[in-house]
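Visitor: Structure provided below as structure tokens; questions to follow.
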Amino acid sequence: MNRLEQLLRETDHKSYPAYKSLKGKYTFAGYVLSVDHVQGDPFAAPSSLSIHCKAAQHGFPEEYYLKPHRCVMLCDYLLRGFGRILRSYSGKAGGSGKSGSLFVSIPGQEVLKRSALTIDPKSGELVLRFSAGFPAAGRTTLSMELRKMLMEYVPACVEKSLRFTAVNREELKHWITLADEQKAIREQLSEKGLVAFVADGAILPRSSGVDDRPMKGAVVFESPGEDRVELALPGGGTIKGMGIRQGISLIVGGGYHGKSTLLKALERGVYDHIPGDGREYVITESSAMKIRSEDGRSVKQLDISPFIRNLPNKKDTRNFSTEDASGSTSQAAATVEAVLSGSHTLLIDEDTSATNFMVRDSLMQSVIHPEQEPILPFLARMRQLYEQFGVSTILVAGSSGAFFSVADAIVQMKEYLPVNITARAKEAAGAERACETPPEPLGKWEDHRIPRQNKEITESRRIKTRGNGTDHVSLNHESVELRFVEQVVDHEQTNLLAAMLRTLEEQYFDGRRPLPECVDALYRRLQTEGFTAASTGSIPGNLAMVRLQELWAMVNRYRSLKV
């Protein structure tokens, strides 16, 4: 602290680059402050700093961070608390440009492992990464204003939020208990033959399209008796709700009755949620993938022949490539890619699907002979996907009853409440012709692509990566669109995806290893080494964990992939 204060006095009212001398580590009472990167001028991206606390200094019980799911929840809780206090100090120090700004990652409703705050389960060391705008008047340093930030504001934030003695212990215990319960429910899905669970009492509707908090006054979810299951919770309690079983499940109903709202909750159910979200106990098996059409996307050497064949232009659909996929070819590609990435559940909404990919009604089948139609609808493959590959489907259908004949369970959403209508819908379907003659069995799906480096990127002087909201990642000037990869829910996930794409190009795409081996190897490193696996130099404080499915989704949409 004394050395930092001396340096601040020496750099006061100097040219802005004088702040560079502050880079280093400084011991405070109960933690170490590290100045990791100093911005070039007051209008540049803020400086990067980190706080390091040993286990004995922060005092949080070891049992709160030894298990991974508890550790992630604890880090999420502490990060939110630190952020609330930090925001109250941001801007109090004056100056030009970003002077006085204090910023740390702001989590949403999902609980994600983030680089902004980590705790090493072995040593208990806590590391928090944040940013600060070093104050200046024009390009002249205002070190006494920076002194307030580093020696008054930040220590106050640490004392109020990163000490076990300072936090609300009952509230924290509630968060940790919730983490245990969410993990227990997730583990029971497979045991019970389920792909998803929606608890009675859940609040599914959101406040608005830009506000993911629960809607006030929304209808409380209540499971239909036929689908109600009871799951055990740690400590001897139980929880009841609707279980969605493995196989083919339909969600039907009139417009504005909650079909897509339920599906949206299920697609977000691959992540845990914070207390008070309303979806805390909406749990979907972790590999579930939302599938939709995506006009204009790139497809690289993929076998989509299970769904599309005999194209008029004689294009080989067993090794299909395009820079401008149609609705049907894009959805066929997304389905194959999801299965190859290890997804065991496909989530599909008829509203965002290519109609000709999903179904051909009996009249169309009688008018247009199957030999004249290159698309074999998803309807004809749903049962095979489950019976041969163990891949379940949850489908929202609002306009076609053709799916009734192949479904295992049919739930009607009526004024946001589910009603099981399986028997009635099956009876109504009767002898309705569902699809063409059952197709041949599905062969083994494999990915034999062998990627090689894109020299234009790897030989550039510096590879710049960037996540743009949740819609894009960029590698230098190459942009990968992720707008329709709907389970990317946080902009910090795209930051990590961009960094992983750079790592793949630099270290894995060697022209020898198959693409699955490259992607899986990097993801295994991410699981064991943490964010260092995709970082060059120090770990930035703006990364959030992704699933293997999202990593695959990005790689498959990367137009500069050389295979």
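The values are calculated or read from the model by the stated rules, or taken from the named source; none is laboratory data. Just so it is clear, the model here is predicted, and its values are computed rather than measured. Backbone-built Cβ (ideal geometry, glycine too); neighbour counts: all protein chains shown.
Visitor: Do we have Glu125 as acidic (Asp, Glu) and in contact with an Asp or Glu (Cβ under 9 Å, 6 or more places away or on another chain) here?
Guide: Numbers: acidic (Asp, Glu): yes; in contact with an Asp or Glu (Cβ under 9 Å, 6 or more places away or on another chain): no.
Considered against the rule, which asks whether it is acidic (Asp, Glu) and in contact with an Asp or Glu (Cβ under 9 Å, 6 or more places away or on another chain), Glu125 comes out as no.
Visitor: Going by what's in this entry, would Thr470 be described as crowded, with 20+ Cβ neighbours inside 10 Å and hydroxyl-bearing (Ser, Thr, Tyr)?
Guide: So Thr470 does not fit the description; no.
Visitor: Restricting to segment 313-360, count the residues that are β-branched (Val, Ile, Thr) and under 18 Å from Ser298 (Cβ atoms). First the steps, then the outcome.
Guide: Taking segment 313-360 and keeping what is β-branched (Val, Ile, Thr), we get 317, 322, 329, 335-336, 339, 345, 348, 352, 355, 359.
In the following step, the residues that additionally are under 18 Å from Ser298 (Cβ atoms) were identified as 317, 322, 329, 335-336.
Selection size over segment 313-360: 5.
Visitor: Can you go through Arg525, Arg483, Arg502 and tell me which one is buried (at least 18 other Cβ atoms within 10 Å of the Cβ) and not assigned by TED's automatic domain parsing to the domain that holds Thr335? First the steps, then the outcome.
Guide: On the way: Arg525 fails: buried (at least 18 other Cβ atoms within 10 Å of the Cβ); Arg483 fails: buried (at least 18 other Cβ atoms within 10 Å of the Cβ).
None of the other options fit; the residue is Arg502.
Visitor: Scan Tyr19, Tyr26 and give me the residue that is in the same structural domain as Gly138 (by TED's automatic domain parsing), within 24 Å of Pro540 (Cβ to Cβ), of a type in the set (Phe, Trp, Tyr) and part of a helix (DSSP H, G or I).
Guide: When all the criteria are applied, what remains is Tyr19.
Visitor: Quick check on this structure: which one of His13, His52 is at pLDDT 95 or above, in a loop (DSSP other than H, G, I, E, B), surrounded by fewer than 20 Cβ atoms within 10 Å (Cβ to Cβ) and touching a strand residue (DSSP E or B) at 6+ places or on another chain (Cβ under 8 Å)?
Guide: The match here is His13.
Visitor: Another one. Every residue in segment 55-84 that is among the small types (Gly, Ala, Ser) and assigned to a loop (DSSP other than H, G, I, E, B), please. Before you say what the answer is, go through the steps one by one.
Guide: Within segment 55-84, the first condition is being among the small types (Gly, Ala, Ser), and the residues that meet it are 55-56, 59, 81, 83.
Selection gives Gly59 alone.
Visitor: I want to confirm something. Restricting to segment 452-466 and keeping residues that are in contact (Cβ under 8 Å) with a residue 60 or more places away in the chain and of a type outside the set (D, E, K, R), which single residue is surrounded by the most Cβ atoms within 10 Å (Cβ to Cβ)?
Guide: Residue satisfying both the conditions and the ranking: Ile457.
Visitor: State which residue is surrounded by the most Cβ atoms within 10 Å (Cβ to Cβ) when the search covers only segment 528-563 and only residues that are within 20 Å of Ala333 (Cβ to Cβ) and of a type in the set (Ser, Thr, Tyr).
Guide: Tyr558
Visitor: Something else: Looking only at segment 113-169, which residues are among the hydrophobic types (A, V, I, L, M, F, W, C), surrounded by 21 or more Cβ atoms within 10 Å (Cβ to Cβ) and within 25 Å of Leu496 (Cβ to Cβ)?
Guide: Within segment 113-169, Ala116, Leu117, Ile119, Leu126, Leu128, Phe130, Ala132, Leu162 qualify.
Visitor: May I pose another question? Collect the residues in segment 255-269 that are touching a residue at least 40 places away in the same chain (Cβ under 8 Å) and either in a loop (DSSP other than H, G, I, E, B) or β-branched (Val, Ile, Thr) (or both), keeping them in residue-number order.
Guide: Gly255, His257, Gly258, Thr261, Gly269 - these are the residues of segment 255-269 that are touching a residue at least 40 places away in the same chain (Cβ under 8 Å) and either in a loop (DSSP other than H, G, I, E, B) or β-branched (Val, Ile, Thr) (or both).
Visitor: Restricting the search to segment 29-49, which residues are part of a loop (DSSP other than H, G, I, E, B), surrounded by 14 or more Cβ atoms within 10 Å (Cβ to Cβ) and within 28 Å of the chain's Cα centre (by Cα)?
Guide: Hit for segment 29-49 is Pro46, nothing else.
Visitor: I need the full set of residues from segment 269-290 which are farther than 25 Å from Ala218 by Cα and surrounded by 23 or more Cβ atoms within 10 Å (Cβ to Cβ), in order please. Break it down stepwise before answering.
Guide: The first filter runs over segment 269-290 and keeps only residues farther than 25 Å from Ala218 by Cα, leaving 285-289.
Within segment 269-290, Ala288, Met289 meet the criteria.
Visitor: Could you list, ordered by first residue, the pairs with Cβ atoms under 7 Å in which the first is in segment 403-424 and of a type in the set (Gly, Ala, Ser) and the second is in a strand (DSSP E or B), at least 6 apart or interchain?
Guide: Filtered contacts from segment 403-424: Ala407/Ile248; Ala407/Ser249; Ala407/Leu250; Ala409/Arg245; Ala409/Ser249.
Visitor: Something else now. Is there any pair with a first residue in segment 270-282 that is part of a strand (DSSP E or B) and a second that is β-branched (Val, Ile, Thr) whose Cβ atoms are under 7 Å apart and which are 6 or more apart or on different chains, and what are they?
Guide: Asp272/Val111; His273/Val111; Val282/Val198
Visitor: Restricting attention to segment 94-103, does a residue exist that is more than 30 Å from Ser208 (Cα to Cα) and of a type in the set (A, V, I, L, M, F, W, C)?
Guide: No, there is no match, as no residue in segment 94-103 is more than 30 Å from Ser208 (Cα to Cα) and of a type in the set (A, V, I, L, M, F, W, C).
Visitor: Something else: Confirm whether Ser21 is within 30 Å of Leu126 (Cβ to Cβ), in contact (Cβ under 8 Å) with a residue 12 or more places away in the chain and over 33 Å from the mean Cα position of the chain (by Cα).
Guide: It is true that Ser21 is within 30 Å of Leu126 (Cβ to Cβ), in contact (Cβ under 8 Å) with a residue 12 or more places away in the chain and over 33 Å from the mean Cα position of the chain (by Cα).
Visitor: Quick check, is Leu142 modelled with pLDDT of 95 or more, under 30 Å from Val38 (Cα atoms) and touching a His at 6+ places or on another chain (Cβ under 8 Å)?
Guide: Working: modelled with pLDDT of 95 or more: yes; under 30 Å from Val38 (Cα atoms): yes; touching a His at 6+ places or on another chain (Cβ under 8 Å): yes.
Spelling it out, Leu142 is indeed modelled with pLDDT of 95 or more, under 30 Å from Val38 (Cα atoms) and touching a His at 6+ places or on another chain (Cβ under 8 Å).
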